[in-house]
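To start, the structure itself, in structure tokens.
No lab work stands behind these numbers, since they all come straight from the coordinates. Every value quoted in this text rests on a predicted model; they were computed, and no experiment measured them. Cβ coordinates were reconstructed from backbone atoms using ideal geometry, including for glycine residues, and neighbour counts include every protein chain displayed.
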Amino acid sequence: MTPFTERVIEIMKDIPYGKVMTYGQIAANAGSKQAARQVVRILHSMSGKYQLPWHRVINAQGKIGIQSEEGFWEQRTRLESEGVKVDNHGKISLECYQWFPGKETEEDINEI
């Protein structure tokens, strides 16, 4: 496994309940700004093996990127069960729900 893949897995495992990150954001945090598609492949091939919270990863527009209807609804349901609001078009407010590793808010600190 490459160091990039290891870092992507580590970042994804750390996404908190009720928060999301984008594919590109994960790629940048793992050291390769242009590797969003590689993050998609890692997520697709390794979610089960590493028990990754795949549903917390969305596209750069703040939308659920899964094309299949079944996958779309599963991701939406999982996000909503964590309190993430998803509109009728599969859009999530990045302003409200996006997580930035290392930038905990006062609310996050109070939960610890």
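GLN25 is checked against (1) part of a loop (DSSP other than H, G, I, E, B); (2) touching a residue at least 24 places away in the same chain (Cβ under 8 Å) and fails just one. What number does that condition carry?
(1)
Kindly provide the set of residues from segment 1-22 that are without any contact (Cβ under 8 Å) to a residue 60 or more places away in the chain and either polar (S, T, N, Q) or surrounded by 11 or more Cβ atoms within 10 Å (Cβ to Cβ) (or both), ordered by number.
THR2, PHE4, THR5, GLU6, ARG7, VAL8, ILE9, GLU10, MET12, LYS13
Inside segment 28-62, can you point out the residues that are touching a residue at least 12 places away in the same chain (Cβ under 8 Å) and within 19 Å of GLU95 (Cα to Cα)?
ASN29, HIS55, ARG56, VAL57, ILE58, ASN59, ALA60, GLN61, GLY62
Take segment 39-66 and flag every residue that is within 12 Å of the chain's Cα centre (by Cα), surrounded by fewer than 19 Cβ atoms within 10 Å (Cβ to Cβ) and among the small types (Gly, Ala, Ser).
SER47, ALA60, GLY65
What tally of residues in segment 73-99 results from selecting those that are free of Cβ contacts under 8 Å to residues at least 24 places away in the same chain and either among the hydroxyl-bearing types (Ser, Thr, Tyr) or assigned to a loop (DSSP other than H, G, I, E, B) (or both)?
Step one: list which residues in segment 73-99 are free of Cβ contacts under 8 Å to residues at least 24 places away in the same chain, which gives 73-78, 80-81, 85-88, 95-96.
Right, trim to either among the hydroxyl-bearing types (Ser, Thr, Tyr) or assigned to a loop (DSSP other than H, G, I, E, B) (or both) and you get 77, 81, 85, 87-88.
Qualifying residue count for the region: 5.
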